[in-house]
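Participant: Below you'll find the structure I mean.
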Amino acid sequence: MTEQAYEKYYVPDESPWPFVGAVALFLIAVGAGNFVIEVSKDKEGYGGWILTAGLLVLLVMLIGWFKDQIEESRTGLHSNQLGGSYRQGMSWFIFSEVMFFAAFFGALYYARTISIPWLGGASNNAMTNEVLWPTFEAAWPLISTPGGETTEAMGWYGLPLANTIILLLSSVTCHFAHVGLEQENRKKLTWMLGITILFGIVFLFLQVEEYIHAYTQMGLTLESGVYGSTFFMLTGFHGMHVTLGTIMLIVMFFRVLKGHFTPDNHFAFQATSWYWHFVDVVWVMLFFFVYIL
Amino acid sequence: MSTVAEHSHDDHDHHHHAPSGIKRWLYTTNHKDIGTLYLWFAFIMFLTGGAMAMVIRAELFQPGLQIVDPNFFNQMTTVHGLIMVFGAVMPAFTGLANWLVPMMIGAPDMALPRMNNWSFWILPFAFLILLSSLFLEGGGPNFGWTFYAPLSTTYSNDSTALFVFSVHIMGISSIMGAINVIVTIFNMRAPGMNWMKMPLFVWTWLITAFLLIAVMPVLAGVVTMLLTDKFFGTSFFDAAGGGDPVLFQHVFWFFGHPEVYIMILPAFGIISQIVPTFSRKPLFGYASMVYATASIALLSFVVWAHHMFTTGMPVATELFFMFATMLISVPTGVKVFNWVATMWRGSITFEIPMMFAIAFIVLFTLGGFSGLMLAITPVDFQYHDTYFVVAHFHYVLVTGAIFSIMAAVYYWLPKWTGKMFDITLAKWHFWCSLISVNLLFFPMHFVGLAGMPRRIPDYALQFADFNKWISIGGFAFGLSQLIFLALLIKACKKEGEPVSDRVWEGAEGLEWEQLPSPAPYHTFETPPVVK
């Protein structure tokens, strides 16, 4: 590596977007904090409005920032080295997301293998059981809590199984969209991407159906003990990630229609597809540990 | 593609000078500007958190309740801890990484300059939320910086929701900052800058960044569980629903223990840069330093429950965490040995950064030894939640992390400003800090061993004398930092003698050998070739 063809690394000029983004997060945090207090206490307040304002500012920031970014990319300011920074950055971001889910999976395993058996008197905890809730018997899914809440367990067949198949198929179509892009087969790219988005939307629709069923028919809610807590928090955060992934895919779809991306310059597409595969893998883990086992 | 790229660079080559005005600081993408912002922010937070420590020490000056009510005392201990950890130490290290990593590896800037600015500007807002929650009805967070459930769920006030979201955005800031550092180091090294040629500050930050990305999301997870437990009726930490308050401690410390290494590994890097310079010898055992840092980082994931020896874990678990914790002293010992061996038979001079570095080595080691005592499960039952713990972590964080940050500022400040700082003031700062900090924290060992509990605004009469001296040490240490403030203001006004490019006689590395003092606004736009 001597003086040979060195592409200068693109360091952007000053940009207002990061600061706008910080303001957006400020409004979101203040708004969400107040909103949570107001909702749980049934109080009147401005929390919801501040939160909405924050989300709008965030939206404006994202559009502005990505617009600048796309223009820079399409005028060729980005070197391969910069592409490397983006790819590595995205990989580490996904790793951080993995760790976020790990915290909730950890809570699930702890509840199943430690706290519930101990409450039931396992190991040397006979007195815990005797003194606190003598009638409690350890079981998973925890359909009857020590405190006396009862619920039904969510089965894995039916909607969850259908959702698993849909999401796995969407990962396949997402992959073929990528292949289409690399082969410069725009038709394949557009169709496969469109089908992936459709799968994403169907998944979310079914997930909402499942939640409605759980709340109205089964009595399974956030408040029905640690089984309900882990069920809704894990599937809920996964659903939020699917929502985000679907929005990203939709943006990619419109960029494809505008003729963006070439076989050797399509970081945004690649990042979206990585994200989609990640969401898929998380679902497979969920399906095993939350639904089946 | 490269031809197009060549053309467009020319548009950017004209601005070698810093733009001016407020917009420069709000909109900047320059790693040096952002580094400066981080460092000043950290210093302001250090003084803010320090002021809270003064409130704590004033209340503890004598037994009985006299100055603040216990609820406010609890808020002070909580917010003092949160500010010092997330507002002072971590941003200061990130600021140093911003300034130094690109210059040390021959990169034109951080890998993702706009995201870099975003990571910074989130922080002032996050702390604005945290600090303003102190003025809400019912007060701010009062459950200790570790926010154990059920203190933070069943027994906390409404401001907990704001606390949770401010921690969320702090975490977002840290994760983005860490991604930036890690990508910069992986992707932006100048030709010839191999892994084993990287300065140790870069190595330690690389590993720190990995830890940050691995554990900050876990913190986000645990505060989210706390939020839903408190406000939406989930049962993660509620035994009546099948959860367990101890689960909170497991998840929190899975974040929390790597977090303490996040606050000390960059310090190891700084000391490993400074000691060789003023000993005029290459660092002893470079490779072993790298491996030791990596070992500490890996071990940090399997020691978390040593914070929880008294929670009623099974004996086998206690033993595992005791031995794993003690294992950490091996790589840490390698480091201390290497620093001492670097100084051995060197031509040592005692400039200000070296004085702080030597103080670090001695006092951090002291903090490490008390850590080793705490790691012993059976005796921890006596030490747990006493002032002995407070003494331990203040030795590793104040005379450890904070002293290393001060050493780093003194070491690189002339490179940043091009002028030598006021050495007389610096000496006053050093000696006042050194003496007062030991007066402040050393007697805490004794009162702790004798059983004085932490986080309580009152204490038994037998501890009165020691606490008076501790408080006097605390006030003196607080005042000493105003000397540092005066010195920094003078340095930013560019007062002082101009310095040479190398600044310190024995300094080695790209920033000393290839860049002028002060370092220009843009550096290494064409990468240097490292031999």
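The values are calculated or read from the model by the stated rules, or taken from the named source; none is laboratory data. These figures come from a predicted structure and were not determined experimentally. No Cβ is skipped: glycine too gets one built from the backbone with ideal geometry, and neighbour counts run over all protein chains shown. Just so you know, the surface numbers come from the protein's heavy atoms only, side chains and all, with ligands and any DNA or RNA stripped out. Shrake-Rupley method; radii C 1.70, N 1.55, O 1.52, S 1.80 Å.
Participant: Test of understanding: given chain A, find the longest segment containing no chymotrypsin sites (Phe, Trp or Tyr not before Pro) that are in a DSSP loop and have at most 15 other Cβ atoms within 10 Å.
Facilitator: In short, A:158-293.
Participant: Let me ask something additional. Just to confirm my numbers, what's the Cα centroid distance between region B:119-145 and region B:230-245 in Å?
Facilitator: 25
Participant: Convex hull over the Cα atoms of chain A, averaged projected area in nm²?
Facilitator: Projected over every direction and averaged, the Cα hull of chain A covers 20.8 nm².
Participant: Next up: Could you tell me whether region B:103-260 comes out rounded, prolate or oblate from its Cα gyration tensor? Rule is a ≥ b ≥ c as square roots of the eigenvalues, rounded for a/c under 1.5, then prolate if a/b exceeds b/c, otherwise oblate.
Facilitator: prolate
Participant: Treating only the Cβ atoms of Lys and Arg (+1) and Asp and Glu (-1) as charged, compute the dipole magnitude of chain B about its Cα centre; round to the nearest 20 debye.
Facilitator: 920
Participant: With n ≥ 4 as the cut-off for DSSP H runs, can you work out [θ] at 222 nm for chain B, using -39500 (n - 2.57) per run divided by the number of residues, rounded to the nearest 500?
Facilitator: When only DSSP H runs of four or more count, the value is -22000 deg cm²/dmol.
Participant: Between A:Leu27, A:Gln69, A:Val39, whose Cα lies farthest towards the positive end of the dipole of region A:13-77 when Lys and Arg beta carbons carry +1 and Asp and Glu beta carbons carry -1, centred on the Cα centre?
Facilitator: Selected residue: A:Val39.
Participant: Still on this structure: Can you give me the angle between helix B:315-327 and the longest principal axis of chain B, using Cα atoms only, in degrees from 0 to 90, rounded to the nearest 10?
Facilitator: Tilt relative to chain B: about 30 degrees.
Participant: Can you give me the orientation-averaged projected area of the convex hull built on the Cα atoms of region B:373-490, in nm²?
Facilitator: 8.2
Participant: Rounded to whole Å, give me the distance from the Cα center of region A:122-155 to that of region A:257-274.
Facilitator: When both Cα centres are located, 51 Å separates them.
Participant: Moving on to the next point. Compute the distribution of all C-alpha to C-alpha distances in region A:13-77, in bins of 10 Å from 0, and list the percent of pairs in each, rounded to whole numbers.
Facilitator: Histogram of Cα-Cα distances, whole percents per bin: 24, 36, 22, 13, 5, 1.
Participant: Could you give the nm distance between label points at A:His175 and B:Ala316, where each point is 7 Å from its Cα heading toward the beta carbon?
Facilitator: A separation of 4.0 nm, rounded to one decimal place.
Participant: Determine, at each q value in 0.09 (inverse angstroms), the log₁₀ of I(q)/I(0) that the Debye formula gives when each Cα of chain B is one equal point scatterer.
Facilitator: -0.65
Participant: In whole angstrom, how far apart do the alpha carbon centroids of region B:63-89 and region B:306-320 sit?
Facilitator: The two parts, judged by their Cα centres, are 28 Å apart.
Participant: Oh, and also: Of A:Gly239, A:Gly148, A:Gly54, which has the largest mean-square fluctuation in a 10 Å C-alpha GNM of chain A?
Facilitator: So, out of A:Gly239, A:Gly148, A:Gly54, the one fluctuating most is A:Gly54.
Participant: Which of A:Ile195, A:Ile114, A:Ile94 moves the most in a Gaussian network model of chain A with Cα springs under 10 Å?
Facilitator: Looking only at A:Ile195, A:Ile114, A:Ile94, the largest GNM fluctuation is found for A:Ile114.
Participant: If you don't mind, there's one more thing I want to ask. Counting only heavy atoms of the protein chains, get the accessible area per residue of region B:392-531 (1.4 Å probe) and round it to a whole Å² value.
Facilitator: 42
Participant: Oh, and also: How big a patch of accessible area, both sides summed and in Å² to the nearest 100, lies buried between A and B at a 1.4 Å probe?
Facilitator: 6600
Participant: Right, another one. Can you tell which of A:Glu137, A:Glu184, A:Glu14 shows the greatest fluctuation in a Gaussian network model of chain A with Cα springs below 10 Å?
Facilitator: Sorting by GNM fluctuation, first place goes to A:Glu14.
Participant: Could you work out how far helix A:225-257 tilts from the main Cα principal axis of chain A, as a 0 to 90 degree angle to the nearest 10?
Facilitator: Helix A:225-257 sits roughly 20 degrees off the main axis of chain A.
Participant: Which number do you get for Rg(Cα) / (2.2 N^0.38 Å) in region A:165-293?
Facilitator: The reported ratio for this selection is 1.19.
Participant: Where a Cα-Cα gap under 19 Å defines reach, which lysines qualify for B:Lys23, not counting those fewer than 8 residues away within the same chain?
Facilitator: List returned: B:Lys32.
Participant: Where in region B:340-447 are there chymotrypsin sites (Phe, Trp or Tyr not before Pro) that are in a DSSP coil and have at most 16 other Cβ atoms within 10 angstrom of their Cβ?
Facilitator: Here the chymotrypsin sites (Phe, Trp or Tyr not before Pro) that fit, given the DSSP loop and packing criteria, are B:Trp344, B:Phe350.
Participant: Further, regarding this structure: If one computes P(r) from the Cα atoms of region A:115-164, what percent of pairs lie at distances over 13 Å?
Facilitator: Looking at region A:115-164, the distances longer than 13 Å represent 60 percent of pairs.
Participant: Please label the shape of the protein assembly as shown as rounded, prolate or oblate, based on the square roots a ≥ b ≥ c of the eigenvalues of the alpha-carbon gyration tensor (a/c under 1.5 means rounded; beyond that, a/b larger than b/c means prolate, else oblate).
Facilitator: In terms of gyration-tensor shape, oblate.
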